[in-house]
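**Student:** Please see the structure below; I have some questions.
The values are calculated or read from the model by the stated rules, or taken from the named source; none is laboratory data. These numbers come from a predicted model, not from an experiment. Only protein heavy atoms, including side chains, enter the accessible area calculation; ligands, DNA and RNA are left aside. Shrake-Rupley method; radii C 1.70, N 1.55, O 1.52, S 1.80 Å.
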Amino acid sequence: MLDKSISIDGQNNIVVNDIKNSNINIVQNDSAAKALKGLYDVIINEANTFDTYVIYILNRGGISWYGVAENKIELFQSIEAVNAYIDDNRFYFSDETYVEVCAYYSLAKDLRDSLECLVQAISTADD
């Protein structure tokens, strides 16, 4: 089914050409060390963003959760970045690492939903 052409393009992506000449990009980073550092950076950014918004919301100041959509979007994007990164760089991570990061992502989504409920409860109490 696959032809004999397997190459590495200029960005160190492994490209496999099938008989229809379509490209499949398998790798996003050029080394396991860079992939691991990238994963670390994404998780730290997500944790810092989440902590910041928890502080803002619990102090009931400095943020308009519903009035400024960018606040909510920034939090959600930082969480989704964890899942996107581990999927994009799956080639470099063991099954155990992948499962742990997916569990972390799932927990982050649950916390995000709980934070949403807390914001709604505070808003209802203010009314």
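**Student:** On average, how much accessible surface per residue is there in the stretch 79-127, in Å², for a 1.4 Å probe, leaving out ligands, DNA and RNA? Write out the running numbers ahead of the final one.
**Tutor:** Details: 2940 Å² over 49 residues.
It amounts to 60 Å² per residue over the stretch 79-127.
**Student:** May I ask you to give the percent of accessible area on the stretch 76-127 that is carbon plus sulfur, with a probe radius of 1.4 Å? Working shown, then result.
**Tutor:** Working: 1700 of 3130 Å².
Roughly 54 percent of what the probe reaches on the stretch 76-127 is carbon or sulfur.
**Student:** Along the stretch 103-111, what does the Karplus equation 6.51 cos²θ - 1.76 cosθ + 1.60 (θ = phi - 60°) give for ³J(HN,Hα), rounded to whole Hz, x for Gly and Pro?
**Tutor:** 5, 4, 4, 4, 5, 4, 5, 4, 5
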